[in-house]
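Just so it is clear, none of the values below were taken in a lab; they were calculated from the coordinates. A quick note: this is a predicted structure, and the numbers were derived from the prediction, not measured. Backbone-built Cβ (ideal geometry, glycine too); neighbour counts: all protein chains shown.
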């Protein structure tokens with residue numbers, strides 16, 4: 001044995017790559033780590049602790065609270081808001097400035113609260129390391145803090161323990177590890193001391209126990225190979241820290257829009273200022289006030305506020321649909337999602353093993369029911385089967401119950417398990433067949449057992465039957481059990497067939513496995529009545545096969561419809577799982593992920609270059625045996641072609657990809673804290689269908705944001721063009737800067753805000769997702785801005801010219817123009833409420849409650865603006881006659897009819913394009929049952 005005071009691995013013996021410990025034998029690992037079966041001495045452990053550091057994941061230095069808060073203001077959108085507030089304050093419009101600065105502060109507070117999820121994700125992973133561990137130090141068992149473990153320590157493992165570091169197993173007795181959080185595997189993995197191939201995927205490294213996983217059954221020992229950040233858990237942690245945070249489509253588009261609007265307003269204002277001074281002989285003060293009025297008219301200062309409120313409304317709606325949004329912009333991003341990358345276990349499937357089919361005697365029998373509730377029926381050949389009337393099925397069910405250590409627990413209508421999920425599924429199958437577990441176990445006393453071990457791949461139990469005879473039941477891997485059988489049961493009471501068709505049973509096994517089922521074989525053998533103990537020779541020959549059992553983690557029943565709706569909406573769904581290829585493919589076919597799902601394994605991904613990976617990521621629907629690196633690479637490959645990716649998951653292994661994705665979606669009930677902290681959205685019901693509801697809400701929010709922009713820019717453009725044309729033609733301004741501020745304040749709050757509450761349009765999930773490359777100012781919107789602005793200028797100037805021609809005072813003409821602009825904005829609001837359909841319908845005219853309240857508020861405000869003396873003194877307004885009011889309403893109605901006619905013509909000339917995803921795959925066929 002190497003001396004325990006030898007140098008650490010860096011200078012002692014072989015020095016394998018940190019990920020290759022699984023490929024070495026136990027003695028090689030002990031030699032490489034300069035340790036032995038008795039562990040390290042206390043002094044050597046202390047020396048290595050000083051060298052390697054504590055077994056804790058590195059903590060990033062958090063930013064101070066003040067810095068985090070101030071960082072929320074570092075955004076061009078916020079700068080524009082602040083600038084608009086300063087302008088409003090500079091011209092004496094205090095209330096408007098207060099509203100703007102209030103919005104800025106609200107944005108900062110929301111961002112501050114949502115900040116730091118990456119740090120919280122790391123904290124959640126750090127909490128997964130148990131505080132204490134049982135180790136051998138100098139040959140004596142002792143308990144030490146887990147953060148004092150060092151490479152070379154010998155750790156003792158028992159059922160229920162959380163593995164405190166990465167271990168190379170030295171002994172394993174019926175050892176099973178729940179590695180779902182690391183590998184995504186839905187069933188506890190069998191562990192052995194046998195070396196695994198050097199290129200084995202993470203889930204196939206049977207000789208390793210990984211930090212942060214649970215010991216589900218058995219016991220064993222292992223030597224610490226990696227600690228802290230060098231563990232697989234640590235590598236995932238570092239990946240989360242290194243993943244680049246993406247800007248959401250809305251934020252990116254708003255940044256571009258903010259730059260565009262800033263440049264445009266400053267440029268036009270400078271030109272107008274020079275024109276007014278040089279060619280129209282305006283004084284500097286007069287020209288400056290004109291420019292201020294133009295800037296106030298052109299800058300949509302209310303737009304960011306309304307957009308923020310629209311996002312907040314979306315958050316509330318999604319919360320009612322069991323989707324909790326952790327970052328406000330993620331609401332809008334959901335509307336642009338084009339691909340959902342979903343973890344399988346617990347997300348698309350129930351994460352509950354269920355017996356789906358059995359082969360007993362000469363019959364193949366399907367078993368209904370899901371979960372662990374022992375409720376279900378048996379069917380063969382299209383007919384229901386009574387288990388009590390089928391001796392072969394009854395004996396197979398009894399063996400499944402007796403060769404079993406699991407227990408079912410009932411709490412009202414909820415069923416839970418103690419023990420291995422596969423054994424719990426077998427127990428549930430037996431109870432469906434009519435057996436009562438406590439009674440059967442009492443009448444068939446267990447005398448001895450051989451626990452399952454990965455080396456012999458079976459479990460055997462010896463029982464005394466009510467008549468005093470002894471029987472041994474054996475269950476395990478089909479290829480192992482079939483090799484131990486020479487007979488098969490085809491009836492009760494000794495009716496056995498002497499010629500055992502091994503090839504035929506192997507074929508049945510392969511067929512069940514090809515359907516994605518995990519197959520177990522169950523057999524039995526009678527022993528002499530004096531037998532009270534079990535030995536390997538008693539069970540490894542001369543068995544009678546009772547049959548095969550096929551188990552599956554079934555899909556959630558609501559997921560099929562949800563995936564079909566995603567595909568109809570042009571949203572692709574890709575399954576990324578740690579399961580085997582056959583299992584993943586079978587689930588994909590059941591779910592209807594695509595018409596012909598293609599599978600790529602993790603090993604195949606490792607061999608691909610970036611270009612090949614990008615191509616396969618687009619065409620494949622299923623990625624099996626995927627590691628955390630694979631998930632992250634796949635998300636990045638899909639994003640490379642401009643797709644907007646939502647990544648769902650519940651394990652620690654999903655956290656890096658969740659953070660990298662445009663929208664990370666974590667499972668709230670069964671998800672790890674690390675996954676929740678890394679995600680933008682958490683589903684409280686772990687229901688994939690809730691993702692579809694969230695995408696629908698996201699599209700609603702995006703539609704409403706588009707409507708806000710489509711309403712705001714043309715109205716602001718019309719106001720600005722009124723001033724520009726008045727200067728160009730040397731006319732008296734038809735509206736004053738303070739009157740423009742009044743219009744913007746009243747309409748932005750009372751009218752623009754109502755759009756945030758618009759319901760989902762009927763065809764929201766029949767349209768393709770919007771492209772993230774599409775800017776806020778599309779060609780269609782640019783035309784709409786020019787067209788509507790022109791109509792508003794025509795309506796405003798027409799009424800102003802009419803008033804001037806009739807010799808009405810300037811105050812009356814300006815009051816008519818202000819009311820006309822507000823009237824046209826009200827009518828235009830009813831037009832933009834339906835982007836993808838006509839607005840002149842009974843439902844469109846009635847509007848929503850928010851719209852009606854907003855319109856009523858504006859009408860009251862305008863009555864006050866027009867008729868109250870105090871408002872007349874503040875804004876220079878004047879009372880209007882009934883005839884003048886009727887003319888204003890008539891202009892508004894004509895304005896609406898023209899805009900609606902233009903919308904109908906534009907929609908007929910610009911048919912909706914399918915996205916690349918739908919052009920590649922076409923319309924999906926219905927999912928397979």
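Distance from the Cα centroid of the stretch 344-379 to that of the stretch 800-828 is 75 Å (rounded to whole angstrom). From least to most packed, judged by other beta carbons within 10 angstrom and beginning with the fewest, 415, 783, 505, 742 follow the order 783, 415, 505, 742. Most tightly packed first, judged by the mean number of other beta-carbon atoms within 10 Å of their residues, the peptides 434-440, 346-352 read 346-352, 434-440.
Footprinting exposure proxy ranking of 621, 881, fewest other C-beta atoms within 10 angstrom first, gives 881, 621. Checking the a/c ratio against 1.5 first, then a/b against b/c, what shape does the Cα gyration tensor give for the stretch 611-666? Oblate shape, in that a/c is at least 1.5 and b/c is the bigger or equal ratio. Just to verify a number: FRET efficiency for residue 850 and residue 71, C-beta to C-beta distance, R0 = 35 Å, to 0.05? The formula returns an efficiency of 0.55 here.
Taking a ≥ b ≥ c as the square roots of the eigenvalues of the Cα gyration tensor of the stretch 374-529, is the shape rounded (a/c under 1.5), prolate (a/b larger than b/c) or oblate? Rounded shape, in that the Cα axes give a/c under 1.5. Sorted on the mean count of surrounding Cβ atoms within 10 Å across their residues, most packed first, peptides 406-412, 166-172, 800-806 read 166-172, 800-806, 406-412.
Using a cutoff of 8 angstrom between alpha carbon atoms and counting only pairs six or more residues apart, the relative contact order for the stretch 493-648 works out to 20 percent.
In terms of other Cβ atoms within 10 Å, 648, 736, 700, 143 run from fewest to most in the order 143, 736, 700, 648. For the stretch 695-917, the gyration tensor built on C-alpha atoms gives a prolate shape. Its axis ratio a/c (a ≥ b ≥ c) is at least 1.5, and a/b is the larger of a/b and b/c.
Based on Cα contacts under 8 Å between residues 6+ apart, the stretch 343-498 shows a relative contact order of 18 percent.
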